[in-house]
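Scroll down for the structure; my scribbles are underneath it.
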Amino acid sequence: MATLLATPALLVVFPFFMAYAAANDLLTMLIPNRISLGLVAAFALIAATGLLSWSELGLHLGAGLLVLAITFTLFALGKIGGGDAKLAAATALWLGFDQLIDYALVAALAGGALTLALLFARSHPLPRPVARLPFALHLHDAKTGIPYGIALAFAALIVLPDTLLWTRALAG
């Protein structure tokens, strides 16, 4: 019964929140708190199914808290946005320590590629049809930051299938 409840959450809820975070960050340069809170609440429901042992649950909580401490420090130093910090921590809660390094590596590579692509795009004028879109104008502005939530969401979806939660839920 536990995997019956957990599988839809893993297959639908987590990817939905990741896509929603990426889309919000692209369009508004913001990741609303409701996304991170939704991820935490959905993880709590997964935890209640008994899919993880108490020690495994503790490790997932530890991964989330570690990432929150690191990203909150980076936010306080003005290096990343608050939404990025909260999204990374909520994602780490789901991934646990077993995929945390892979998540960070994929996010860094994807973020670097995204940054280079935006810098390249910003060095050229916007095509006329796109130049009418407010989000495109904002994103094209050199003073605008990088919507790093896109890289965080991409990385989460790449490493999710290799996590303990995913493999256990699908093993059913």
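Below is a table of values for the structure above.
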{"item": "Hits in the range 70-101 - residues which are within 22 Å of Thr163 (Cα to Cα), in a helix (DSSP H, G or I) and more than 13 Å from the chain's Cα centre (by Cα)", "result": "Ile70, Phe97, Asp98, Gln99, Ile101"}
{"item": "Residue count for the range 149-163, restricted to those that are open to solvent by 50 Å² or more (accessible area, probe 1.4 Å) and not β-branched (Val, Ile, Thr)", "result": "4"}
{"item": "Any pair with Cβ under 6 angstrom, 6 or more apart, that starts in the range 42-54 at a residue that is closer than 12 Å to Trp94 by Cβ and ends at one that is at pLDDT 85 or above and open to solvent by 20 Å² or more (accessible area, probe 1.4 Å)", "result": "Ala42/Val13; Ala47/Leu57"}
{"item": "Residue in the range 101-123 that is under 22 Å from Arg168 (Cβ atoms) and in contact with a His (Cβ under 6 Å, 6 or more places away or on another chain) present", "result": "no"}
{"item": "Identity of the residue in the range 134-148, touching a residue at least 40 places away in the same chain (Cβ under 8 Å) and in a loop (DSSP other than H, G, I, E, B), that ends up most open to solvent (accessible area, probe 1.4 Å)", "result": "Tyr148"}
{"item": "Those residues of the range 18-31 which are touching a residue at least 60 places away in the same chain (Cβ under 8 Å), part of a loop (DSSP other than H, G, I, E, B) and open to solvent by 20 Å² or more (accessible area, probe 1.4 Å), in sequence order", "result": "Met29"}
{"item": "Single condition Val12 does not satisfy, out of (1) under 16 Å from the mean Cα position of the chain (by Cα); (2) among the β-branched types (Val, Ile, Thr); (3) part of a helix (DSSP H, G or I); (4) over 15 Å from Trp166 (Cβ atoms)", "result": "(4)"}
{"item": "Residue, farthest from Val13 (Cα to Cα), within the range 32-52, restricted to residues that are at pLDDT 90 or above and open to solvent by less than 50 Å² (accessible area, probe 1.4 Å)", "result": "Pro32"}
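Here's the yes/no breakdown for (1) under 18 Å from the mean Cα position of the chain (by Cα); (2) over 24 Å from Phe17 (Cβ atoms):
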site	(1), (2)
Ala110	yes, no
Ala121	no, yes
Leu126	no, yes
Leu139	no, no
Ile146	yes, no
Gly149	yes, no
Leu164	yes, no
Thr167	no, no
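The values are calculated or read from the model by the stated rules, or taken from the named source; none is laboratory data. Predicted model only: the values in this text are computed from it and were never measured. Note: ideal-geometry Cβ built from the backbone for every residue, glycine included; neighbour counts use all protein chains shown. Keep in mind that these areas ignore ligands, DNA and RNA; they rest on the heavy atoms of the full protein, side chains included. Shrake-Rupley method; radii C 1.70, N 1.55, O 1.52, S 1.80 Å.
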